[in-house]
Amino acid sequence: MSVQAKIGPSILNADLSNLAQESQKLLDNGADYLHLDVMDGTFVPNLTFGHPMVKSLRNKIKTAFFETHMMVQNPEQWIEPMADAGVNLYTFHIEPVKPEDISKVSRLIQEAGMKVGLAIKPGTEVKDLEKYVSIADVVLVMTVEPGFGGQSFMADMMPKVEWLRENYPNLDIEVDGGVGPKTIACCAKAGANMIVSGTAVVGASDQRQVIKDMREVVKSYLK
(Lines give C-alpha, C1' and ligand atoms only; values in the text may rest on other atoms or scores of the structure.)
Protein backbone atom coordinates (compact mmCIF):
# COMPACT_ATOMS: atom_id res chain seq x y z
CA MET A 1 0.00 0.00 0.00
CA SER A 2 1.35 3.40 -0.95
CA VAL A 3 -0.59 5.47 1.59
CA GLN A 4 1.41 7.07 4.37
CA ALA A 5 0.63 7.94 7.97
CA LYS A 6 0.12 11.69 8.33
CA ILE A 7 -0.84 13.77 11.35
CA GLY A 8 -2.50 17.14 10.68
CA PRO A 9 -3.26 19.28 13.71
CA SER A 10 -6.39 21.41 13.56
CA ILE A 11 -5.20 24.93 14.25
CA LEU A 12 -8.68 26.02 15.33
CA ASN A 13 -7.64 24.91 18.81
CA ALA A 14 -4.53 27.08 18.74
CA ASP A 15 -4.20 30.67 19.93
CA LEU A 16 -5.65 32.43 16.88
CA SER A 17 -4.08 35.74 17.88
CA ASN A 18 -0.66 34.11 17.54
CA LEU A 19 -1.42 31.74 14.71
CA ALA A 20 1.75 31.84 12.64
CA GLN A 21 3.99 31.03 15.62
CA GLU A 22 1.59 28.37 16.92
CA SER A 23 1.41 26.76 13.47
CA GLN A 24 5.16 26.84 12.99
CA LYS A 25 5.61 25.23 16.39
CA LEU A 26 3.30 22.36 15.36
CA LEU A 27 5.27 21.86 12.15
CA ASP A 28 8.58 21.99 14.03
CA ASN A 29 7.20 19.32 16.36
CA GLY A 30 6.54 16.95 13.48
CA ALA A 31 3.11 17.79 12.05
CA ASP A 32 2.81 16.58 8.45
CA TYR A 33 0.28 19.21 7.43
CA LEU A 34 -2.01 21.88 8.88
CA HIS A 35 -5.80 21.39 8.91
CA LEU A 36 -7.62 24.72 8.62
CA ASP A 37 -11.30 24.67 9.57
CA VAL A 38 -13.31 27.16 7.54
CA MET A 39 -16.91 27.59 8.76
CA ASP A 40 -19.44 29.99 7.27
CA GLY A 41 -22.14 30.16 9.95
CA THR A 42 -24.63 28.68 7.48
CA PHE A 43 -23.67 25.08 6.69
CA VAL A 44 -22.55 24.85 10.31
CA PRO A 45 -23.58 27.23 13.12
CA ASN A 46 -20.06 28.40 13.84
CA LEU A 47 -18.02 31.10 12.11
CA THR A 48 -14.23 30.82 11.97
CA PHE A 49 -11.97 32.46 9.39
CA GLY A 50 -11.67 32.83 5.65
CA HIS A 51 -9.16 33.18 2.85
CA PRO A 52 -7.57 36.47 4.05
CA MET A 53 -6.34 34.77 7.21
CA VAL A 54 -5.19 31.70 5.29
CA LYS A 55 -3.25 33.95 2.93
CA SER A 56 -1.66 35.81 5.85
CA LEU A 57 -0.61 32.48 7.33
CA ARG A 58 0.82 31.35 3.98
CA ASN A 59 2.89 34.52 3.79
CA LYS A 60 4.55 33.51 7.07
CA ILE A 61 4.71 29.76 6.44
CA LYS A 62 5.88 29.28 2.87
CA THR A 63 6.18 25.55 2.27
CA ALA A 64 3.91 23.63 4.67
CA PHE A 65 1.00 21.61 3.27
CA PHE A 66 -2.30 23.40 3.98
CA GLU A 67 -5.65 21.64 3.94
CA THR A 68 -8.77 23.78 4.21
CA HIS A 69 -11.78 21.90 5.53
CA MET A 70 -14.61 23.88 3.94
CA MET A 71 -17.64 23.60 6.19
CA VAL A 72 -19.53 26.01 3.95
CA GLN A 73 -22.85 26.11 2.13
CA ASN A 74 -21.35 27.07 -1.24
CA PRO A 75 -17.90 25.50 -1.65
CA GLU A 76 -17.62 26.64 -5.27
CA GLN A 77 -17.58 30.28 -4.13
CA TRP A 78 -14.28 29.96 -2.27
CA ILE A 79 -12.20 27.87 -4.70
CA GLU A 80 -10.38 30.74 -6.40
CA PRO A 81 -9.77 32.76 -3.20
CA MET A 82 -8.37 29.71 -1.41
CA ALA A 83 -6.17 28.77 -4.37
CA ASP A 84 -4.88 32.34 -4.35
CA ALA A 85 -4.25 32.01 -0.59
CA GLY A 86 -1.89 29.08 -1.23
CA VAL A 87 -4.06 26.14 -0.18
CA ASN A 88 -2.86 22.67 -1.26
CA LEU A 89 -5.89 20.51 -0.47
CA TYR A 90 -9.45 21.84 -0.70
CA THR A 91 -11.79 19.55 1.21
CA PHE A 92 -15.50 20.27 0.87
CA HIS A 93 -18.65 18.65 2.18
CA ILE A 94 -20.82 16.89 -0.35
CA GLU A 95 -24.04 17.48 1.64
CA PRO A 96 -24.84 21.06 0.51
CA VAL A 97 -23.85 20.38 -3.11
CA LYS A 98 -26.30 18.95 -5.63
CA PRO A 99 -25.17 15.41 -6.52
CA GLU A 100 -24.83 16.37 -10.19
CA ASP A 101 -22.51 19.26 -9.25
CA ILE A 102 -20.00 17.39 -7.06
CA SER A 103 -17.87 16.39 -10.05
CA LYS A 104 -17.98 19.95 -11.41
CA VAL A 105 -16.84 21.46 -8.10
CA SER A 106 -14.05 18.87 -7.90
CA ARG A 107 -12.92 19.71 -11.42
CA LEU A 108 -12.83 23.44 -10.62
CA ILE A 109 -10.66 22.70 -7.59
CA GLN A 110 -8.24 20.73 -9.76
CA GLU A 111 -8.20 23.47 -12.39
CA ALA A 112 -7.31 25.96 -9.65
CA GLY A 113 -4.24 23.82 -8.86
CA MET A 114 -5.40 22.20 -5.64
CA LYS A 115 -6.02 18.62 -4.56
CA VAL A 116 -9.61 17.52 -3.97
CA GLY A 117 -10.97 16.34 -0.64
CA LEU A 118 -14.53 15.07 -0.20
CA ALA A 119 -15.99 15.18 3.32
CA ILE A 120 -19.06 13.55 4.84
CA LYS A 121 -20.91 14.30 8.07
CA PRO A 122 -21.77 11.48 10.50
CA GLY A 123 -25.31 11.21 9.13
CA THR A 124 -24.19 10.76 5.51
CA GLU A 125 -23.86 7.26 4.09
CA VAL A 126 -20.40 6.40 2.83
CA LYS A 127 -21.96 4.88 -0.29
CA ASP A 128 -23.07 8.41 -1.25
CA LEU A 129 -19.40 9.02 -2.10
CA GLU A 130 -18.95 5.98 -4.28
CA LYS A 131 -19.38 7.57 -7.68
CA TYR A 132 -17.02 10.43 -6.82
CA VAL A 133 -14.09 8.66 -5.17
CA SER A 134 -12.22 8.41 -8.46
CA ILE A 135 -11.87 12.22 -8.58
CA ALA A 136 -10.91 12.61 -4.92
CA ASP A 137 -7.38 12.74 -3.55
CA VAL A 138 -8.67 12.45 0.02
CA VAL A 139 -11.93 11.35 1.63
CA LEU A 140 -12.67 12.83 5.06
CA VAL A 141 -14.94 10.90 7.40
CA MET A 142 -16.16 13.16 10.20
CA THR A 143 -16.11 11.46 13.60
CA VAL A 144 -18.09 14.29 15.24
CA GLU A 145 -20.76 16.66 13.93
CA PRO A 146 -18.92 19.45 12.08
CA GLY A 147 -19.04 22.92 13.50
CA PHE A 148 -18.44 22.35 17.20
CA GLY A 149 -15.24 21.68 19.09
CA GLY A 150 -14.80 19.38 22.06
CA GLN A 151 -17.27 16.68 21.04
CA SER A 152 -16.83 13.02 21.84
CA PHE A 153 -15.38 10.72 19.21
CA MET A 154 -17.99 8.64 17.37
CA ALA A 155 -16.58 5.11 17.09
CA ASP A 156 -19.63 4.04 15.09
CA MET A 157 -18.21 5.94 12.09
CA MET A 158 -15.42 3.37 11.73
CA PRO A 159 -17.38 1.03 9.40
CA LYS A 160 -17.31 3.87 6.85
CA VAL A 161 -13.53 4.00 7.08
CA GLU A 162 -13.31 0.21 6.84
CA TRP A 163 -15.52 0.18 3.74
CA LEU A 164 -13.41 2.85 2.04
CA ARG A 165 -10.12 1.11 2.85
CA GLU A 166 -11.44 -2.24 1.67
CA ASN A 167 -12.70 -0.84 -1.63
CA TYR A 168 -10.00 1.80 -2.25
CA PRO A 169 -6.73 0.44 -0.81
CA ASN A 170 -4.64 3.35 -2.13
CA LEU A 171 -6.95 6.17 -1.07
CA ASP A 172 -5.94 8.77 1.51
CA ILE A 173 -8.63 8.41 4.18
CA GLU A 174 -8.85 11.15 6.78
CA VAL A 175 -10.70 11.24 10.10
CA ASP A 176 -11.54 14.39 12.03
CA GLY A 177 -13.21 14.91 15.38
CA GLY A 178 -12.29 13.80 18.88
CA VAL A 179 -9.17 11.98 17.66
CA GLY A 180 -6.27 11.72 20.06
CA PRO A 181 -4.04 9.16 21.80
CA LYS A 182 -7.06 7.32 23.25
CA THR A 183 -8.96 6.98 19.96
CA ILE A 184 -6.15 6.77 17.42
CA ALA A 185 -5.90 2.96 17.44
CA CYS A 186 -9.60 2.65 16.60
CA CYS A 187 -9.10 4.93 13.55
CA ALA A 188 -5.86 3.32 12.42
CA LYS A 189 -7.24 -0.19 12.72
CA ALA A 190 -10.21 0.78 10.53
CA GLY A 191 -7.82 2.05 7.86
CA ALA A 192 -7.51 5.82 8.33
CA ASN A 193 -4.07 7.16 7.43
CA MET A 194 -4.58 10.93 7.66
CA ILE A 195 -5.38 12.00 11.20
CA VAL A 196 -6.76 15.39 12.15
CA SER A 197 -6.28 16.12 15.84
CA GLY A 198 -7.12 19.33 17.64
CA THR A 199 -6.88 19.69 21.38
CA ALA A 200 -5.01 16.40 21.88
CA VAL A 201 -2.04 17.76 19.91
CA VAL A 202 -2.31 21.54 20.19
CA GLY A 203 -2.91 21.45 23.94
CA ALA A 204 -0.32 18.76 24.68
CA SER A 205 2.59 19.62 26.95
CA ASP A 206 4.81 17.60 24.60
CA GLN A 207 3.41 18.05 21.09
CA ARG A 208 6.31 16.26 19.46
CA GLN A 209 5.78 13.10 21.50
CA VAL A 210 2.01 13.01 20.93
CA ILE A 211 2.42 13.47 17.16
CA LYS A 212 5.15 10.81 17.05
CA ASP A 213 3.15 8.33 19.11
CA MET A 214 0.02 8.76 17.01
CA ARG A 215 1.95 8.41 13.76
CA GLU A 216 3.55 5.19 15.00
CA VAL A 217 0.12 3.72 15.81
CA VAL A 218 -1.14 4.52 12.30
CA LYS A 219 2.02 3.09 10.72
CA SER A 220 1.59 -0.14 12.66
CA TYR A 221 -1.76 -0.78 10.94
CA LEU A 222 -0.76 0.23 7.41
CA LYS A 223 0.02 -2.87 5.41
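Figures for the structure shown
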item	result
Rel. contact order, % - alpha carbon contacts under 8 angstrom, at least six apart, region 24-131	23
Partners for K115 among lysines (Cα-Cα distance below 18 Å; same-chain residues under 8 apart left out)	K6, K55, K62, K104, K131
Chain lengthening between E80 and N170 when straightened (0.36 nm per residue, less Cα-Cα)	29.6 nm
Accessible surface of region 1-156 [probe 1.4 Å, protein heavy atoms]: carbon and sulfur percent	46
Mean separation of Cα contacts under 8 Å (6+ apart) over length of the chain, as relative contact order %	22
Rounded, prolate or oblate (a/c below 1.5 giving rounded, otherwise prolate when a/b exceeds b/c) for region 140-223 by Cα gyration tensor	oblate
Per residue accessible area in Å² of the chain, where ligands, DNA and RNA are left out and the probe is 1.4 Å	45
Extreme residue, positive dipole direction of the chain, given options I135, A85, F65 (C-beta unit charges)	F65
Integer Hz, Karplus 6.51/-1.76/1.60 couplings in order for region 62-72, x for Gly and Pro	6, 10, 5, 7, 9, 10, 9, 9, 8, 8, 9
Sparse-neighbourhood loop sites, GluC sites (Glu not before Pro) in region 86-168 - DSSP loop, at most 11 other Cβ within 10 angstrom	E125
In region 74-107, the chymotrypsin sites (Phe, Trp or Tyr not before Pro) that fall in loop regions by DSSP, at most 10 other Cβ within 10 Å	none
Contact order relative to length of region 73-198, as percent, for alpha carbon pairs under 8 angstrom and 6 or more apart	19
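The values are calculated or read from the model by the stated rules, or taken from the named source; none is laboratory data. Just so it is clear, the model here is predicted, and its values are computed rather than measured. A quick note on method: Cβ atoms are made from the backbone with ideal geometry, for glycine too, and the neighbour counts reach across all protein chains shown. Surface areas here come from the heavy atoms of the whole protein model, side chains and all, with no ligands, DNA or RNA. Shrake-Rupley method; radii C 1.70, N 1.55, O 1.52, S 1.80 Å.
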